[in-house]
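The values are calculated or read from the model by the stated rules, or taken from the named source; none is laboratory data. Everything numeric here is computed off the predicted structure, so don't read it as measured data. Cβ: placed from backbone, ideal geometry, glycine included. Neighbour counts: every protein chain shown. SASA here: full protein model, heavy atoms, side chains in, ligands and nucleic acids out. Shrake-Rupley method; radii C 1.70, N 1.55, O 1.52, S 1.80 Å.
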Amino acid sequence: MPTSERFDFLVLGGGIAGAATAYHLARRGERRVLLYEARTPNAGASGRAAGIVTDQQWNAWDVEVARATAQEYAELSRRHPEMNFVRNGFLRWTSNPLAAEAIDVAYRRLRGWGVSVDRVGPEELASAFPWGRFDDVLVGLRGTADAVVTPSAATDAYLIEARSHGAEVWFGDGPGKLWADGEGVELRAGARRIRARTTIVAAGAWSAAMVRALGQRIALVPYRVQAALLRPPTSPPKTFPSGHDLDTDIYFRPEGPGRVLAGDGTERVPADPDHFIPTGDPAFLGHLAESIHRRLPGWGSSELVRAWAGVCTSTPDRRPHVGAIDPDRGLYAIVGFNGYGVMRAGGAADRLADLLIEGPSGRPSERLAPVDPRRFPPSYPEFLPRPGFTLEGGDEPRF
């Protein structure tokens, strides 16, 4: 039996949340950091994400974290231009009177939080998207500082930066086995035994199973999302704003020359990350085609380049879990972003690293109080996935 290698921090998961956490821990100084990913980089949701980055959020914590994440992406992209970080703006709209009221409420709330948004009408929407039809729209919401990024490239950039600060990144020896005892957590994978004083679970849809293997529970449920890459009949500009039709829950964003990435919302049934259909299904593609034909008729005959699905994670209150699960055993988590981890990864990881380095008293704990995993007891009952990116707060938002 090989001797255990000892690390200060073991990060379990090589998606964007795990990569950002390894980077933020490693750059803080003289500590041994190991990131372990049982599969390949971006094997989970990070490799299938849309990459829209907006601070049009429904709570103040998310606004702060999304803003910090966007700023970090802007800085990283100067060294890693392959991230394709572009501040292209983001618009949402509706023809539903109730949703229009929700937009007005969101506008006032976001402005109060310092978010750069304004209300727009059909003319402004038609100017932004000349291939669309917006004559029935009552109101829209435009964010001028919002952006897009290539999630897989952002993940790779974090991993490169983590390595440059001394972290070890280890991929592909299978799920391994985990133990927890009074001295922390031990991972056995391949021919290695790793023991860490502090372990951070950042494994996306596999996180709940990892936490159970360590004798704990976390309120988390995986669910499936879908997206597609389209080639419109007339090539759109290289850069144009991202859009979100609240009436159909279809979103879209530019994705390279002449192509558009589009998707829809949350499937409200649990999914198994090891056994799910990884391609777009007929119902999704039909809904996407109908929605585009109605709202964006200039793209109505777009070519389907490919369609795919991924598995994200939901929490009961639609806030992520970032912080301690069992601090006595050094067990922490950064997971449960409800499909929008790319918007939050950098800011959330920075706050978690502060907590782990500086300790639980004072400001680090205060900055993570709204997303502390222990806000739900281990006995919390099973629940269905809930949408994460909405205009309204609460457990069951209408829009």
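With a requirement of 3 or more residues that are polar (S, T, N, Q) and under 25 Å from residue 141 (Cα atoms), none of the strands (runs of 3 or more DSSP E) lying completely within region 183-245 satisfies it.
Filter region 294-316 down to residues that are touching a helix residue (DSSP H, G or I) at 6+ places or on another chain (Cβ under 8 Å) and not in a strand (DSSP E or B) and give me whichever is modelled with the lowest pLDDT. This residue is 300. Select from region 356-374 the residues that are touching a residue at least 24 places away in the same chain (Cβ under 8 Å) and open to solvent by less than 20 Å² (accessible area, probe 1.4 Å) and list them in ascending order. The answer is 368, 371, 373.
Quick check: is even one residue across region 275-292 within 21 Å of residue 94 (Cα to Cα), of a type in the set (Gly, Ala, Ser), open to solvent by 40 Å² or more (accessible area, probe 1.4 Å) and not in a strand (DSSP E or B)? Looking through region 275-292, at least one residue is within 21 Å of residue 94 (Cα to Cα), of a type in the set (Gly, Ala, Ser), open to solvent by 40 Å² or more (accessible area, probe 1.4 Å) and not in a strand (DSSP E or B). The set of residues in region 329-346 that are in a helix (DSSP H, G or I) and buried (at least 24 other Cβ atoms within 10 Å of the Cβ) comprises 341, 342, 343, 344, 345, 346. For region 363-390, the set of residues classified as more than 23 Å from residue 224 (Cβ to Cβ), in contact with a strand residue (DSSP E or B) (Cβ under 8 Å, 6 or more places away or on another chain) and part of a loop (DSSP other than H, G, I, E, B) consists of 372 only.
Here residue 115 passes the criteria (1) under 19 Å from residue 237 (Cβ atoms); (2) crowded, with 19+ Cβ neighbours inside 10 Å; (3) touching a residue at least 60 places away in the same chain (Cβ under 8 Å) except the one numbered (1). Under the condition of being within 24 Å of residue 259 (Cα to Cα) and aliphatic (A, V, I, L, M), the residues counted in region 95-140 number 3. Looking at region 34-45, is at least one residue closer than 30 Å to residue 123 by Cβ, open to solvent by less than 20 Å² (accessible area, probe 1.4 Å) and either modelled with pLDDT of 95 or more or assigned to a strand (DSSP E or B) (or both)? Checked against the condition, which is being closer than 30 Å to residue 123 by Cβ, open to solvent by less than 20 Å² (accessible area, probe 1.4 Å) and either modelled with pLDDT of 95 or more or assigned to a strand (DSSP E or B) (or both), region 34-45 yields no hits at all.
Conditions tested, residue by residue: (1) open to solvent by less than 10 Å² (accessible area, probe 1.4 Å); (2) in contact with an Asp or Glu (Cβ under 8 Å, 6 or more places away or on another chain); (3) in contact (Cβ under 8 Å) with a residue 40 or more places away in the chain; (4) of a type in the set (A, V, I, L, M).
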{"position": "152", "(1), (2), (3), (4)": "no, no, yes, no"}
{"position": "162", "(1), (2), (3), (4)": "yes, no, yes, yes"}
{"position": "204", "(1), (2), (3), (4)": "no, no, yes, no"}
{"position": "210", "(1), (2), (3), (4)": "no, no, yes, yes"}
{"position": "219", "(1), (2), (3), (4)": "no, no, yes, yes"}
{"position": "228", "(1), (2), (3), (4)": "yes, no, yes, yes"}
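With respect to the stated conditions, residue 271 is modelled with pLDDT under 95, of a type in the set (A, V, I, L, M, F, W, C) and more than 18 Å from residue 306 (Cβ to Cβ).
The listed residues are 50, 100, and the only one of them that is open to solvent by less than 40 Å² (accessible area, probe 1.4 Å), of a type in the set (Gly, Ala, Ser) and either in contact with a Gly (Cβ under 6 Å, 6 or more places away or on another chain) or within 25 Å of residue 370 (Cβ to Cβ) (or both) turns out to be 50.
Residue-wise test of (1) without any contact (Cβ under 8 Å) to a residue 24 or more places away in the chain; (2) surrounded by fewer than 20 Cβ atoms within 10 Å (Cβ to Cβ); (3) hydroxyl-bearing (Ser, Thr, Tyr).
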site	(1), (2), (3)
81	yes, yes, no
89	no, no, no
104	no, yes, no
111	yes, yes, no
119	yes, yes, no
138	no, yes, no
148	no, no, no
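Residue 326 fulfils the conditions (1) open to solvent by 30 Å² or more (accessible area, probe 1.4 Å); (2) over 18 Å from the mean Cα position of the chain (by Cα); (3) of a type in the set (D, E, K, R) except for a single criterion, (1).
Among the residues of region 187-194, is any among the charged types (D, E, K, R), in contact with a strand residue (DSSP E or B) (Cβ under 7 Å, 6 or more places away or on another chain) and surrounded by 19 or more Cβ atoms within 10 Å (Cβ to Cβ)? No, every residue in region 187-194 fails to be among the charged types (D, E, K, R), in contact with a strand residue (DSSP E or B) (Cβ under 7 Å, 6 or more places away or on another chain) and surrounded by 19 or more Cβ atoms within 10 Å (Cβ to Cβ).
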